[in-house]
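Nothing in this text is a laboratory measurement; each read-out follows from the coordinates by a stated rule. These numbers were taken from a predicted model, which means no experiment stands behind them. Here the Cβ is made from the backbone with ideal geometry for all residues, glycine too, and neighbour counts use every protein chain on show.
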Amino acid sequence: MMDITLIISKSDSKTPCVFHAVGIQTDETIFCSTNANQNLIELKFKSFENGKVLNDHGVELYKVGSVLFSLEKAVGKDKKILYIPHWASYVPFDDMEEGGKYQFVKTK
């Protein structure tokens, strides 16, 4: 199980995108940039919370500018707006399927 929080601010913000994932073996915060078109938002890696591009173990998991994942805007059965993830360099679970049962819901 993993709890993911994604905050997207205005593009002129110092940190336009903050991605935080917490789970049994995960606790990481990633600063990212976004690239959006009509129905798709791409989240691109900038750095980890500490400003470095290497993780706590000194490993480069993501290249700066690489797409972590994208979110496709969709309308759910109850007419609520959902965002379906399309995982790229960030894969939260080993058994991920494209889109699948994972969805983001806008809260603010």
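Residues of the stretch 1-35 with the amide nitrogen closer than 18 Å to a label point 7 Å from the Cα of E72, along Cα-to-Cβ, please.
Once the point is set 7 Å along Cα→Cβ of E72, 35 turn out to lie under 18 Å by backbone N, inside the stretch 1-35.
Given the Cα-Cα distance of A36 and N50 and 0.36 nm per residue of separation, how much length would full extension add, in nm? If you can, show how the numbers build up before the last one.
Working: separation 14, 0.36 × 14 = 5.04 nm, distance 2.57 nm.
2.5 nm is the gain from fully extending A36 to N50.
If we count other beta carbons within 10 Å of each Cβ, what is the order of K73, K44, fewest first? Walk me through the numbers before you get to the answer.
On the way: K73 15, K44 20.
Sorted ascending by nearby Cβ count, the order is K73, K44.
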